[in-house]
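See structure below.
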Amino acid sequence: MSSLSYRPWTEGDDLALLQVWGDPASPHAHQDRTMFRPSTDRPWSRCIVGEDQGVPVAAAVVFESSLHPDRLWLHVEVARDHRRQGIATEMVGLLRAEVPPSGVTALKSRYTTGPVDKGSAAAGFAASIGQHEIQRSRDVVVEPGGLKLPLFNDDGLTLDDAATGSVELTQLVTAFYNATHEWDRAAMTLGMAQKMLLNDATGAKGVVMLRDKPKEGGGKILSFAISYEPTRIDAPADVLLGWDPELADADAAEAIRGLLAMIVHQYPVKLEVDDSMVLLSGLVDALIGAGHATVISETHIMATA
Ligand SMILES: CC(C)(COP(=O)(O)OP(=O)(O)OC[C@H]1O[C@@H](n2cnc3c(N)ncnc32)[C@H](O)[C@@H]1OP(=O)(O)O)[C@@H](O)C(=O)NCCC(=O)NCCS
């Protein structure tokens, strides 16, 4: 047992902990810290802070997500000079004693490896609480020049743009998300897809897509690319590249390659590629091998069940 005392998270703890923790090691670590917030019952979340003689040094949170209903997110951070004293283990024990009304107890967490943080503490800690990897997700920058542009024609393959509010697009984005998250069952709805991936608040700037023929001729969307405002002004645009999960593999592979060729024709883009996106992941591997793409970070999603 550590000599810390534990209490619920309160407003202002983020600033107090920033003083002790220092800046996050990466944009992902920054994002992970935003999971700490006061406990609520709807959605269900519990967040605690560990204090050493009245000074906050550690925090831990578990929360339910209606998007991925089978597991609770867990995130823990402990000040460097307090690590390896069993604090994270103790906090997870306290949080495990709290069970949401849904009865869900499986815990998932994530850590990102990059040039600064190699993630060995997080990997060791995840293993120590019985978690194993359920997914790997890579941030990859794809450069121009590695892909042949598709051949378009007047009544066949067409490049199209759409408003991010388009119902047809929202339906496909929803189906794509659910189909590529079988490893952590997703219950994405049209409303959630709008809120989390498409509306202005998400930073979505525009969408291009490939159709098998022009829309007026009843063309269907084969693949889509939603671009988001990059985190830095000079960084490549963040792009969510998806496709119709009903397509046969060969057709989907073609639709992915063609659209990626179009969007990287002039400028690099950044993609987040889960291993579960088998066709895209395979294409990206080939581009990495040929020197046309670079992995900037890898996120490991770990779970107890
Ligand atoms: C991961 C982290 C929360 C662990 O906190 P901690 O209080 O040091 O962890 P504990 O002392 O409870 O360690 C429990 C076990 O985890 C493993 N572990 C912890 N740190 C480790 C390290 N640096 N290398 C290898 N294994 C490690 C060990 O098995 C350890 O047991 P042991 O000390 O008896 O060998 C802490 O390193 C941290 O804040 N990292 C940055 C944030 C983060 O990556 N969070 C992970 C996502 S939940």
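The values are calculated or read from the model by the stated rules, or taken from the named source; none is laboratory data. Quick caveat: nothing in here was measured; it's all calculated off a predicted structure. Neighbour counts run over all protein chains shown; Cβ positions are idealised from the backbone, glycine included.
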* To do: For residues that are part of a loop (DSSP other than H, G, I, E, B) and among the hydroxyl-bearing types (Ser, Thr, Tyr), scanning just region 88-114, find the one that is farthest from the ligand (Cβ to nearest atom).
  => Ser102
* Structure fact -> When region 1-24 is checked residue by residue, the ones that are in a loop (DSSP other than H, G, I, E, B) and either on the phi > 0 side of the Ramachandran plot or surrounded by fewer than 16 Cβ atoms within 10 Å (Cβ to Cβ) (or both) are Met1, Ser3, Thr10, Glu11, Gly12, Gly22, Asp23
* To do: Return only the number of the condition from (1) without any contact (Cβ under 8 Å) to a residue 40 or more places away in the chain; (2) out of contact with any Phe, Trp or Tyr (no Cβ under 6 Å at 6 or more places or on another chain); (3) not in a strand (DSSP E or B) that Ile256 does not satisfy.
  => (2)
* Is region 97-106 home to any residue that is touching a helix residue (DSSP H, G or I) at 6+ places or on another chain (Cβ under 9 Å) and crowded, with 19+ Cβ neighbours inside 10 Å? -> no
* To do: Of the numbered conditions (1) crowded, with 18+ Cβ neighbours inside 10 Å; (2) within 24 Å of Gly282 (Cβ to Cβ), Ala193 fails exactly one; give the number of that condition.
  => (2)
* Asked: Are there any pairs, at least 6 apart or on different chains, whose C-beta atoms fall under 6 Å, with the first in region 103-126 and farther than 19 Å from Pro24 by Cα and the second part of a loop (DSSP other than H, G, I, E, B) and among the basic types (Lys, Arg), and if so, which?
  -> Ala106/Arg71; Lys108/Arg71
* From (1) buried (at least 19 other Cβ atoms within 10 Å of the Cβ); (2) within 16 Å of the ligand (Cβ to nearest atom); (3) charged (D, E, K, R), pick out the condition that doesn't hold for Asp139. => (2)
* Asked: So His30 clears everything in (1) within 11 Å of Lys108 (Cα to Cα); (2) at pLDDT below 95 except one condition, right? Which one?
  -> (1)
* Structure fact -> The residue that is nearest to Leu95 (Cα to Cα), considering only those in region 43-69 that are assigned to a loop (DSSP other than H, G, I, E, B) and touching a helix residue (DSSP H, G or I) at 6+ places or on another chain (Cβ under 7 Å), is His68
* Of the numbered conditions (1) surrounded by 15 or more Cβ atoms within 10 Å (Cβ to Cβ); (2) modelled with pLDDT under 95, Val207 fails exactly one; give the number of that condition. => (2)
* Asked: Residues of region 115-129 being more than 8 Å from the ligand (Cβ to nearest atom) and within 23 Å of Leu17 (Cα to Cα), which ones?
  -> Val116, Lys118
* Asked: Of the residues Thr180, Thr158, Thr164, which is of a type in the set (Val, Ile, Thr), in the same structural domain as Asp274 (by TED's automatic domain parsing) and modelled with pLDDT under 95?
  -> Thr164
* Structure fact -> Taking region 63-87 and keeping only residues that are under 30 Å from Met196 (Cα atoms) and within 10 Å of the ligand (Cβ to nearest atom), one is left with Trp73, Leu74, His75, Val76, Glu77, Val78
